[in-house]
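> Got a structure for you, questions after.
All of the numbers you see were taken from the coordinates with simple rules; none came from a lab. Everything quoted here is computed from the prediction, not taken from an experiment. Methodologically, a virtual Cβ is constructed for each residue, glycine included, from the backbone with ideal geometry; neighbour enumeration extends over all protein chains shown.
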Amino acid sequence: MSDLMSLLGLGSAGIAAQNSGVAVASNNVANANTEGYSRQRVDLESVLGPPLEGGVRAGDAQRYASNLLASRIRTASGSLQMSQASADALSDLEASLTSGATIDGKIAALFSRLSQVAATPTDSVARDAVVNAANETVTNIHDKATAITDAQHAANSRIVDNAAQATLLAKQLADANKAVARTGDPVAADRRDLLAKQLSDLTGGSARIDRDGQLRFVLSGGAVLVDGTHAASLQTTPDPTTGLAKVEVVDGNSRRDVTGAIDSGKLAADLTFRDVTATRAMSQLDQLAYDLATSMNTVHSANAALDGTTGHAMFVAPAAVTGAAAALAVDPTLAADSANLAVAAPGTGPGDNKGALALFALANQNVASGGTKTLTDAAIEMIGAVGTEGAAAQGDVARDTMVSDHLAGLRDSLAGVDTQEELTNLARFEHASSAMTKFVSTIDGMLSSLIENL
Amino acid sequence: MRITDHRLVDMSTAAASTNQSRVADISEEVSSGLRVSRPSQDPSAWLAAQRARVRATLADGTAQAFETGHDHLVATDGTLSQISDIVMRVRALAIQGASDSTSADGRASMSTEVRGLFSAAVVAGNTRSADGEYLLAGASSLTEPFDPATGAYRGDATTRAVTTDATTTQLASVAGSSLTAANGVDVFATLDRLATALSTNDVATVRSLVGDLDTATSQLASTRSQTGSMMAVIEQARTAHGELVTHLATTISNAVEADTAVAASELAKATQALEVSRAVSSHIVSMLNPTSSG
């Protein structure tokens, strides 16, 4: 009798164990579309005992996961986010620089007008056309300078937003560490992995799980953002000179500038775009505007206006290279009266055109970029550099997408939920549970008969 | 490798999305006619096309300049032709006036005609271009070059060059100084002196001026010849410009324009790939749907 009672216990444990399998399979199916979810399994183990006892018991649900793979996915995802964000920022800037008339086109049009005024140097229509072309060149350079500045400020705003988001994620990651330590729940571990990936998407860096089971998140350069259950914050402070945000890891009273250290994720893309790409483009545009104004002024001021006077500037002389694009302006006296256009050699008459020819000759002289390029080539190459960088970023996106897809496949192979497979598991556990129920019912019948015959 | 049903769906969706992007890209290429519309699509091709566009803009400017120069030369040649015709007529009158058979009254009458021709010649010498410049004034092109009363030249010897391409210029004007003593005889002064000699019946002077009129004739012929040479060079520049424009258009086309036939073929292939990937996606979804038949 006591053996039959033991068999009832075995049956009961068996039903419980099989039901655990049903529960885990159902949970897997329920989370088939949950981002970051790792499928779980329940391991059944036989209970040792005498031949008629024994039985089965279910262990805790285990998640299919690989910390190494998760680390590779974080790294690849950070890299993909960086290249994608770079490609987007560069594409926007490229569109601004190439939409409508380009700078090189406007400068070429100015030279074209100068060649025409050389054929009719006293013609007010031709002289006005030169002044209009100069004004249009100035407007175009202003527009492009504004576009670069806007793109730079947009990147700066994204940096501020993403730093705030990273601070939030770091705190959530520390909380997830706490939950994993407290409960050991696989779902908490999934959430922690997901948060670490989202943080990597923003900041790059690396996360490792130490022997104590706690995840530590370290930025490139060594600044610790999350250490177990403790999180530092990523704060932005405007630089007093540029007004652009510098990024600091703040932990209590400690502040560490990581602006130059972040080398992956969206933050790195925007920092690189803001501090390298846009800064270089603006610097090249400033240099172009400076070279345009100074080279034209040198020739223009040496020649004579319609009234024979010399010393007239064509553009307002730039004070310095920095800011020259935004400050570029046609000389007010020329803008007011095209008679001040100096296209005649000094000491000749108004019908002379040697000044106009000398101004036109600048089109083919290396007067830009330290005497290495023509003005139009410098303008073309400034835009081309943004395009080349954009093409490289798009190539990086394609490469990083391939790597990420490959790793997603590996993760899916390991941890993804296959609903067909889970339905099979469900049926398998359900059948086993039914069989155990029948087994219990049979034992119950035997016990009833035994009791009745007593 | 274990591949889940979700992975199959993701992969087929990604394939359909990639093919859809490809169709969109090629459609844009076909509709715009441009293979490269942004530098990032093909940096070196965009740079080559942009440089060609700059050259084309400069070439357009120089073309307008040398066409204006050509127009001035045509007008100048017309003026010189008028003056030349006048000088020929005056020379005929001078020969007639130098003849012993011509009476004093006849010379007086000739003088009146020569005076009229002198005025007509000065008016011709003071011809202006369409843009208001005096054609023969040199750099002083806003001032009448020849004194209407005396025919004295008040301009200078400056000639004007125009651009014929990005780096070359060509003279495209002659100054009225070519009709002055500096280059032979002073044409208008010679006419004036002849008119005076005829009116005063000064036969000796009339005879001596026939030689000067011969010199003036050859002076005008030489100046017209120079004008013709300048126009010929501009004609050559016009031909070269046409070839350059064709070359630059070809360069731009080769660099950034789409080959319509190739693009259409690519569009057909991409569309077919998209349809197949959609069919595969649909098949996979149907296969994974436990409630679907079959």
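> A:Lys438: net charge of surrounding residues, Cβ under 14 Å, Lys/Arg +1, Asp/Glu -1, itself excluded?
-2
> Here is a follow-up. Which whole number gives the average, over all residues in B:138-150, of C-beta atoms from other chains lying within 10 Å of the residue C-beta?
Across the residues of B:138-150, the mean count of other-chain Cβ atoms within 10 Å is 3.
> Treating only the Cβ atoms of Lys and Arg (+1) and Asp and Glu (-1) as charged, compute the dipole magnitude of region B:50-252 about its Cα centre; round to the nearest 20 debye.
300 debye
> Please name which of B:Val162, B:Ser199, A:Ala166 has its Cα lying farthest along the dipole of the protein assembly as shown towards the positive end, using unit charges on Cβ (Lys, Arg +1; Asp, Glu -1) and the Cα centre as origin.
A:Ala166
> Separation of region A:70-111 and region B:135-194 by C-alpha centroid, Å?
58 Å
> Treat every Asp and Glu Cβ in chain A as -1 and every Lys and Arg Cβ as +1, leave all other atoms uncharged, and give the resulting dipole magnitude about the Cα centre to the nearest 20 debye.
So the dipole magnitude of chain A works out to roughly 580 debye.
> About its Cα centre, how strong a charge dipole does region A:306-454 have in debye, to the nearest 20, once Lys and Arg get +1 and Asp and Glu get -1 at the Cβ?
440 debye
> Please average, across the residues of A:399-406, the number of beta carbons from any other chain that are within 10 Å of each residue's own beta carbon, and give a whole number.
Whole-number average of other-chain Cβ neighbours for A:399-406 is 1.
> Now, a different point. Set Lys and Arg Cβ to +1 and Asp and Glu Cβ to -1, take the dipole of the protein assembly as shown about its Cα centre, and tell me which of A:Ile383, A:Val247, B:Ile234 lies farthest positive.
Working it through, the farthest residue towards the positive pole turns out to be A:Val247.
> Using the Cα centre of region B:50-252 as origin and beta-carbon charges of +1 (Lys, Arg) and -1 (Asp, Glu), tell me which of B:Met88, B:Gly176, B:Gly106 is placed farthest towards the positive end of the dipole.
After comparing all options, I get B:Gly176.
> Going by the alpha-carbon gyration tensor, a ≥ b ≥ c the square roots of its eigenvalues, is region A:1-71 rounded (a/c under 1.5) or, if a/c is not under 1.5, prolate (a/b greater than b/c) versus oblate?
It is oblate, given that a/c is not under 1.5 and a/b is not larger than b/c.
> Which value results when the Cα radius of gyration for region A:184-285 is divided by 2.2 N^0.38 Å?
The value comes to 1.25.
> So if I average 1/r over every pair of distinct C-alpha atoms in region B:50-252 and take the inverse, what Kirkwood radius in Å does that give?
Radius from the Kirkwood sum: 18.4 Å.
> Indicate the gyration tensor shape class of region B:25-108 (rounded, prolate or oblate), computed on the Cα atoms with a ≥ b ≥ c the square roots of the eigenvalues: a/c under 1.5 is rounded; otherwise a/b larger than b/c is prolate and the rest oblate.
Prolate.
> By how many degrees, between 0 and 90 and to the nearest 10, does the Cα long axis of helix B:43-98 differ from the longest principal axis of chain B?
20 degrees
> May I pose another question? List the residues whose amide H sits under 5 Å from the amide H of B:Leu34, counting only those 5 or more places along or on another chain, with H placed 1.01 Å from N in the peptide plane.
B:Ala258
> Which of the three applies to the protein assembly as shown, rounded, prolate or oblate, going by the alpha-carbon gyration tensor with a ≥ b ≥ c and a/c under 1.5 meaning rounded?
It is prolate, given that a/c is not under 1.5 and a/b is the larger ratio.
> I've got another one for you. Could you name the lysines in cross-link range of A:Lys354, using Cα to Cα under 30 Å and dropping any fewer than eight places away on the same chain?
Cα-Cα hits under 30 Å: A:Lys106, A:Lys373.
> Sorted by packing (mean other beta-carbon atoms within 10 Å per residue), highest first, where do A:137-148, B:13-24 land?
Most protected by this proxy first, the peptides run A:137-148, B:13-24.
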